[in-house]
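Accompanying notes for the structure given below.
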Amino acid sequence: MKHVYLDNAATTQVHSNVIEKMQDALGIYGNPSSTHSFGRTAKTAIESARKAIAKYINAQPSEIIFTSGGTEADNMIIRCAVRDLDVKTIITSRIEHHAVLHTVEELEQKGLIQLLYVDLDAFGNPDVAHLETLLQKDDSKKLVSLMHVNNEIGNKINLEEITLLSKKYDALVHSDTVQSLGHYNWDVKAFPIDFLAAAAHKFHGPKGIGFAFIRKNSGLSCMISGGSQERGLRAGTESFHNIVGLEEAFIHAYENLEEEKKYVEGIKSYFIEQINKEIPDVKFNGHSGDLEKSTYTLVNVCLPITEEKAMLLLFNLDMKGIACSKGSACQSGSDAGSHVLTQILSDEDMKKPSVRFSFSTYNTKEDIDYTIAALKDLVEA
């Protein structure tokens, strides 16, 4: 049986050079906080990684704070902004990752913030005019949190426009950029965004490591107390081998960005072409079928099959060796359905199965042919 992995938005295969670097790093066992040579060796490598990452997004090394991943970075930024920066209102959308949504909902339930949702159009794009209305609502200190690339439908927002508008009203701006850092060029000096979040396993690095970009002199203090690691913003002995893996994956992503982007765009374009040819009644959710308005790494399709067939769709694809998902991996055990698609699909389309296929440089056109043939068999059965 052929095995086809098309769930790269959930996690990616670790590059072989990343594995090699991490294996070497496991031999460096000094505590980075120790002052002897063993500790200094580890500390030097961590700071080298911080500088390398900062260079590729045009940040200062001190603005890169290593975390356990995107979820921790999002939580750190949002919770500490409320605690330390007098944020009283958070503006977000109903289709954010749950790392953001569950955090802001909890803060609202505790009476710590006023939570406002920006309107979305039929494709899931934020209404910028409505965002401005929300920014004008009162004089409270505001944080705008909108993800750059949606992890389920792939929509790209104009983050620079949103940041500049928010700054007009003295609001702070945070973006969950887990699906875009490592896939798009970034320059944090080009526009005044305050906070970003990243996770290594989305760009062929290890799981359990990521970083927060926190603008210099932000005023945030630590969420995890203890030692003085990470400029005092995140206590705990650094996950040295994972940081080395993150650095190697990040460097590889940006050293090969244009070449790999072009290749993956070709895979996505071929998928769109073939599924439209073989299953003409398929629908693309959000802007995922538009190469200009969505990320090049994924599509989300609504298939024209009955509810009865839909129940076993992912199981049947898995039996054929095809890995994909019905939404975020973080909700894969839930029967509640996608909170993203609920916001943009009609009741009729919500009865049909929607599936996310996400791509990487490890995929081939042969993978796509095999997947489309399997989908066609299941639709026509």
Counting only DSSP beta bridges with both residues in the chain, what percent are antiparallel, rounded to the nearest 5? 55
Given that compact globular proteins tend to follow 2.2 N^0.38 Å, what is the ratio of the alpha-carbon Rg of the chain to that value? 1.01
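Counting pairs of Cα atoms in region 103-162, how many percent are more than 20 Å apart? Numbers along the way, then the final one.
Values: 583 of 1770 pairs.
The calculated P(r) of region 103-162 puts 33 percent of pairs beyond 20 Å.
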Near Lys21, which aspartates and glutamates are there with a Cα under 14 Å away, not counting those fewer than 8 places off in the same chain? Glu247, Glu248
Quick one: grab Rg to one decimal and Dmax as a whole number for region 152-223, Cα atoms only, in Å. 13.2, 39
Kindly provide the helix-only [θ] at 222 nm of the chain, computed as the sum of -39,500 (n - 2.57) over DSSP H runs of four or more divided by all residues, to the nearest 500 deg cm²/dmol? -12000 deg cm²/dmol
Just the accessible area per residue of region 1-148, please: how many Å² with a 1.4 Å probe? 45
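In the P(r) worked out for region 231-310, what percent of Cα pairs fall beyond 18 Å?
Here the tail beyond 18 Å accounts for 61 percent of pairs.
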Computed over region 244-379, Cα set: Rg, Dmax in Å: 15.7, 48
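Compute, for region 1-143, the length of the dipole vector about the Cα centre, with Cβ point charges of +1 (Lys, Arg) and -1 (Asp, Glu) only. Units Debye, rounded to 20. Please report the intermediate quantities before stating the final value.
Working: 15 positive and 19 negative charges, 141 e Å.
Dipole of region 1-143, to the nearest 20 debye: 680 debye.
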Can you grab the distance from the C-alpha centre of region 243-302 to the C-alpha centre of region 49-90, Å, no decimals? 27
Cα-centre dipole for the chain with unit charges at Cβ (Lys and Arg positive, Asp and Glu negative), debye to 20: 1060
For the peptides 106-115, 79-88, what is the packing order when you average, over each peptide's residues, the other Cβ atoms within 10 Å and list the highest mean first? 79-88, 106-115
Leaving out ligands, DNA and RNA, what percent of the accessible area of region 91-245 is carbon and sulfur, probe 1.4 Å? 47
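The values are calculated or read from the model by the stated rules, or taken from the named source; none is laboratory data. Everything numeric here is computed off the predicted structure, so don't read it as measured data. Ideal geometry is used to build each Cβ from the backbone, glycine not excepted, and the neighbour counts take in all protein chains shown. The protein model used for the area step is the full one, side chains on, heavy atoms only, and it has no ligands, DNA or RNA in it. Shrake-Rupley method; radii C 1.70, N 1.55, O 1.52, S 1.80 Å.
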